[in-house]
Amino acid sequence: MCIKERKCRPALWAIVPFNGPIRSALRVHPTATGLLFYLSTLAPSSHSLPRPPVSSPDPAITMAISPHHLLLLLLAAAAASAGANNLVGELESLRSRSPSGVIHLTDTSVTRFLSSSTRPYSVLVFFDATSLHSKSDLHLPQLRREFALLSAAFQANNPASSDLFFADIEFSESQHSFSQFGVNSLPHVRLIRPHHSRLADSEHMDQSHFSRLADSMVDFVEARTGLQVGPITRPPLVSRNQIILLVLMFLASIPFVIKRILQGDTLLHDRRVWMAGALFVYFFSVSGGMYGIIRHTPMFITDRADPNKLVFFYQGSGMQLGAEGFAVGSLYTLVGLMIAVVTHLLVKVESLQTQRFAMVAVMIVGWWAVRKVIFLDNWKTGYSIHTFWPSSWR
Amino acid sequence: MAEVESSTAASGGDRLRKASGGVLCAFTLLLIGVLAFSIRLFSVVKYESVIHEFDPYFNYRVTQFLSKSGIYEFWNWFDDRTWYPLGRVIGGTVYPGLTLTAGTIWWLLNSINIPLSVETVCVFTAPIFSANASWATYLLTKEAKGHGAGLMAATILAMVPSYISRSVAGSYDNEAVAIFALIFTFYLYVKALNTGSLFYATLNALSYFYMVCSWGGYTFIINLIPMHVLLCIITGRYSSRLYIAYAPLVVLGTLLAALVPVVGFNAVLTSEHFASFLVFIILHVVALVYFIKGLLTPRLFKVAMTFVLTVGLALCFAAVAILVALVASSPTKGWSGRSLSLLDPTYASKYIPIIASVSEHQPPTWPSYFMDINVLAFLVPSGIISCFLPLSDASSFLVLYLVTSVYFSGVMVRLMLVLAPAACILSGIALSEAFNVLTRSMKFQRPRSDDGLPAAEDITPGTSSTAATIAKSGNITKEKTENVSKGRPSKKNQKEKEWVGSSPVRPDMEEKLCVLPAEASAMGILFLIILCGLYVVHCVWAAAEAYSAPSIVLTSRSHEGLHVFDDFRESYAWLRHNTEVDDKVASWWDYGYQTTAMANRTVIVDNNTWNNTHIATVGTAMSSPEKAAWEIFNSLDVKYVLVVFGGLIGYPSDDINKFLWMVRIGGGEFPHIKEEDYLRDGNYRVDAQGTPTMLSCLMYKLCYYRFVETDGKGFDRARRYEIGRKHFKLTHFEEVFTTHHWMVRIYKLKPQKNRIRGKLKLKSSSKASSMRKGAGKKNPWQ
């Protein structure tokens, strides 16, 4: 446990607008972590990305335009609309192939569907990178699932709509498109509206819209496109059949369970199980574990000044990191357990020498743990506690 | 069994010891009460005898009304001073326990010719009840682990910072009496459980009634006790005492709870209460099984068992089905938002901004625990283990109480208050056991040689004079056992003997002399005393420095000395004296209670956040541009707008810092308000980087109007940067009052222009606008 790291103050994570006093009625907005992972570090260094070409006209349209000057205007308009209809048709067929309605784009299809200047549709693109799925702090797989939910909700609400399509792009197979969009950090979602002529002009969904997952993405889409997305329907954790099966199993097991309980030989009758459970709940709560769950804080973060250094302890009372909470929580629990060991276990030991040795060890460790917690608390919150002696004693 | 009885039939000297012990105990309890009362007086000594914060002002106003108009008027009180134009039925929407308590105290004192003002009584209600709470803690802990642990726990509770934060003198809030009611209800439950006496069970229901009157947190009781009953049944600890302790509570308690207007039929209709009914049914089924088991031979019992089980299960399922149907028919599945956010911690932050916006509802970090229960956090695990060795009904209840409350406190920092008594009780047990072992080791020593030990095991108390010390210590341990399996009345009937026999304490285990080396024990005692000393220092510091600020009067200590900011009362006094009685004042909801109580003016929204739309309307007005805001306020008959501004003195919890919540709550109801319009790249700021929407909204303008005149640069000390828009004029509002430190600024809505027809229109409108400009320049307070 790297308690020594505490001196470095993290700044990257800390999107803290203002620090109020303890009981002021404001709070830090729990935006989804705000962690950016820079793709440049990921891309193979030898592979220099080519400059993005200026949007090339769609081949279908070029072929359709006849060189006859007389008919040029008329034909161009017709061809454009025909080409666009074509594209819409293709997109719809692609959409129908995917269960959630998310179209998978590659470099070529990006050029085909998004580079043409006349598009009657908007596209919401999710930028994905399979190689980063293992980075738990980016939440890419989770956001990708939420994105699929969003798409499914939109499709359910607007079954035959061709105003908005949902698409995703994978980094390793479409690096060119990533550079065209100017995307260098993930998670990243962009909305390409019909009037965006350059891809880089498209609108970027900012971090705050990931905070409540699909629900906040809905807000973004509705605000920018004016389309109604509709309620998000999440799939239940277990399907209907599984629920029926579980209920049946539960019903069948009730008599056996009651019998066991009456006989009094279940795991529930073991006092040590209850004791361990109680201690664990206590440990988890006092270490601020619920804070981590509610605010999605990471266990530790990297220092902004020095990326190789990890920060385990965050200075400032409004926020805590996972590791620091569990470290202090285990100190809390450790001291209590040692006192319990002395009062209940050590008194039954017969050897005086063992008793003496163990007590000294307990006292030293306890002293250290209490001091450590007091020191950390002062360091973190900045409170310095002083005594109130009678003034005549001074 | 016989040994225990012989030891209880004590000699005369023993009786004297017991009597002096009782006197000492009573005296200690008295001192603990004095301690609990006086540690909470820091706020009166350091500041003055005022009511604190926001909610207490409402309670104070209600108490004033009660003492003036009497109980029946109070019950039917419709308050037209708040939530204009809706008003609020106070009698039906308030938990009356606190008000009635303080009202009764005031009436009693006055009837014996002690003329105290209502305010004084209100200020000192909380300290008085903390003394009561520490006595209740003593009783509860004594039920589980004996007098020593009880006294220790009471002492610890008397000064636990978490409880002090809600019960300093002047903090006249529901929690002040509710914590006492909570502990006392638990005590009566445990007492009823230990004695099996219907008397205590009935008292328990009454105490539960008082708790329901006092605080919405009563749902904690009505879920915790059923959980404990269920736990007892599952672990095979069912007894008739359990039935007596629980069944009257559910029946009487629910009937009584339904009498409180604010609860009413919720007591049977909402999901928070269903657990108790379900457990009530299960308890009856189990009781029936035990009854039949007593009647029949084992073989017949098996047959009957299957029969009863099928019938019982069928009944259970029918009941569950009815409950499920009831629950499913309500939109929120019968749960209130707050309880849902306890079960699913992420619920509130996702769906209910009005709950998520309150700082009390945030999850705490580890320093919060160290701040609020301090060294108790170290001691509690030891207390948990002590409760398991041996496990009795009472101690299992304490463990369950701790575990649930520590989980809830992890979800909401506010519920740290419920955790505090549990932590105190378990730490008291831990400390008392540790002191017990260590002092015993210093007093009695084990015989030097190793073969002394089996000898000590053989010796029974009082048989040999040489082993007098050992015998004595044996007595002590036995007394402890007796205390543990507590509460038996002297008339022991067959059942209770059976129960004691089944208790896991084996007497022969207690015979062994359990001691530690003397010198190490002395060291250990020293360390424990240092730990307790740390706790005392911390508690006094917390009571004096951290928790006694009334927040209506602010102080700051600089090198020039103490500086007092009394701007809030200044502004409320201005409103009271310079505006019409029926004028409506709009402000963010935080200041609603104070405005009605101190300025006696009608407000639009207040801290009782029962109508989200109304709050959202005010939020929308504050986040709209001036003209739109004027229209909203005018439609609500508002005449004055009050904003709290900390930029001049660096007060961080002002309206600009709360503003994002106004936007969020407003945007929740009126979608044209969008949070991202107020954020630059996801950051909230009001400097040059601020968005145009932000810099032209009403809140910004009202806060920073003429601010640049103070230092020429417009440097905001709360945000620590220069503001974005410095020179601007107000078109629809005029400044009427700004307090000494600019903390409260009051604006008046300009009157509507006269409508003039025909040709005159052009001329007069230009004239009117020029006049308005003139009016804008002239400030009557300069």
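Here are some residues: B:G690, B:G682, B:G668. Which one is touching a residue at least 60 places away in the same chain (Cβ under 8 Å) and either buried (at least 23 other Cβ atoms within 10 Å of the Cβ) or within 13 Å of chain A (Cβ to nearest Cβ) (or both)? Give the derivation first.
On the way: B:G690 fails: touching a residue at least 60 places away in the same chain (Cβ under 8 Å); B:G682 fails: touching a residue at least 60 places away in the same chain (Cβ under 8 Å).
Just a single option satisfies the conditions, and that option is B:G668.
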**Single unsatisfied condition, B:S271 versus (1) more than 14 Å from chain A (Cβ to nearest Cβ); (2) buried (at least 16 other Cβ atoms within 10 Å of the Cβ); (3) farther than 19 Å from B:A178 by Cβ; (4) out of contact with any Lys or Arg (no Cβ under 8 Å at 6 or more places or on another chain)** = (4)
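State whether the residues of the stretch B:272-293 include one that is farther than 23 Å from B:L98 by Cβ, in a loop (DSSP other than H, G, I, E, B) and over 29 Å from the mean Cα position of the chain (by Cα). Spell out the reasoning first.
Step one: list which residues in the stretch B:272-293 are farther than 23 Å from B:L98 by Cβ, which gives B:274-293.
With the extra rule that they be in a loop (DSSP other than H, G, I, E, B), the set shrinks to none.
Looking through the stretch B:272-293, none of the residues is farther than 23 Å from B:L98 by Cβ, in a loop (DSSP other than H, G, I, E, B) and over 29 Å from the mean Cα position of the chain (by Cα).
Considering only the stretch A:301-318, state which residues are under 17 Å from the mean Cα position of the chain (by Cα) and surrounded by fewer than 19 Cβ atoms within 10 Å (Cβ to Cβ).
A:T302
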**Item:** The listed residue being of a type in the set (F, W, Y), at pLDDT 90 or above and either buried (at least 19 other Cβ atoms within 10 Å of the Cβ) or more than 23 Å from B:W107 (Cα to Cα) (or both), out of B:F37, B:F54
**Value:** B:F37
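Just checking, which of B:V263, B:V229 is within 22 Å of A:V257 (Cα to Cα), crowded, with 17+ Cβ neighbours inside 10 Å and among the β-branched types (V, I, T)?
On the way: B:V263 fails: within 22 Å of A:V257 (Cα to Cα).
Testing whether each residue is within 22 Å of A:V257 (Cα to Cα), crowded, with 17+ Cβ neighbours inside 10 Å and among the β-branched types (V, I, T) leaves just B:V229.
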**Item:** Pair list, Cβ under 7 Å, 6 or more apart: the stretch B:380-401 residue more than 8 Å from chain A (Cβ to nearest Cβ), other residue aromatic (F, W, Y)
**Value:** B:Y401/B:F186
**Prompt:** With respect to A:S122, is the statement that it is surrounded by 17 or more Cβ atoms within 10 Å (Cβ to Cβ), closer than 24 Å to A:A148 by Cβ, among the small types (G, A, S) and at pLDDT 80 or above true?
**Reply:** yes
**Fill in**
Condition set in a helix (DSSP H, G or I), under 22 Å from B:Y243 (Cβ atoms) and polar (S, T, N, Q), scope the stretch B:196-217, selection farthest from the chain's Cα centre (by Cα): answer is B:T202
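Which of the residues spanning the stretch B:58-114 are among the hydroxyl-bearing types (S, T, Y) and either without any contact (Cβ under 8 Å) to a residue 24 or more places away in the chain or surrounded by fewer than 22 Cβ atoms within 10 Å (Cβ to Cβ) (or both)?
Restricting attention to the stretch B:58-114, the residues satisfying the condition of being among the hydroxyl-bearing types (S, T, Y) are B:60, B:63, B:67, B:69, B:72, B:82, B:84, B:93, B:95, B:99, B:101, B:104, B:111.
Across the stretch B:58-114, the qualifying residues are B:S67, B:S69, B:Y72, B:Y84, B:T93, B:T104, B:S111.
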**Message:** For a quick check of your reading: which helices (runs of 4 or more DSSP H) sit entirely within the stretch B:1-111 and have at least 1 residues that are within 24 Å of B:N611 (Cβ to Cβ)?
**Reply:** B:55-69, B:71-75, B:90-93, B:97-111
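Which of the residues spanning the stretch A:277-300 are closer than 16 Å to A:E324 by Cβ and surrounded by fewer than 18 Cβ atoms within 10 Å (Cβ to Cβ)? Give the steps one after another, and end with the answer.
To start, the set of residues in the stretch A:277-300 that are closer than 16 Å to A:E324 by Cβ comprises A:283-293, A:295-300.
The answer is A:I293, A:H296, A:P298, A:M299.
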**Request:** Filter the stretch A:297-349 down to residues that are among the acidic types (D, E) and part of a loop (DSSP other than H, G, I, E, B) and give me whichever is nearest to the other protein chains (Cβ to nearest Cβ).
**Result:** A:D303
**Asked** Applying the selection to the stretch A:119-138, what residues are closer than 20 Å to A:L191 by Cα and of a type outside the set (A, V, I, L, M)?
**Response** A:R119, A:P120, A:Y121, A:S122, A:F126, A:F127, A:D128
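Taking the stretch A:353-378 only, how many residues are aromatic (F, W, Y) and within 10 Å of chain B (Cβ to nearest Cβ)?
Initial filter on the stretch A:353-378 (aromatic (F, W, Y)): A:357, A:367-368, A:375.
Narrowing further to those that are within 10 Å of chain B (Cβ to nearest Cβ): A:357, A:367.
The number of residues fulfilling the criteria is 2.
The values are calculated or read from the model by the stated rules, or taken from the named source; none is laboratory data. Just so you know, these numbers come straight off a predicted model, no measurement behind them. With ideal geometry, Cβ positions are generated from the backbone for all residues, glycine too; neighbour counts draw on all protein chains shown.
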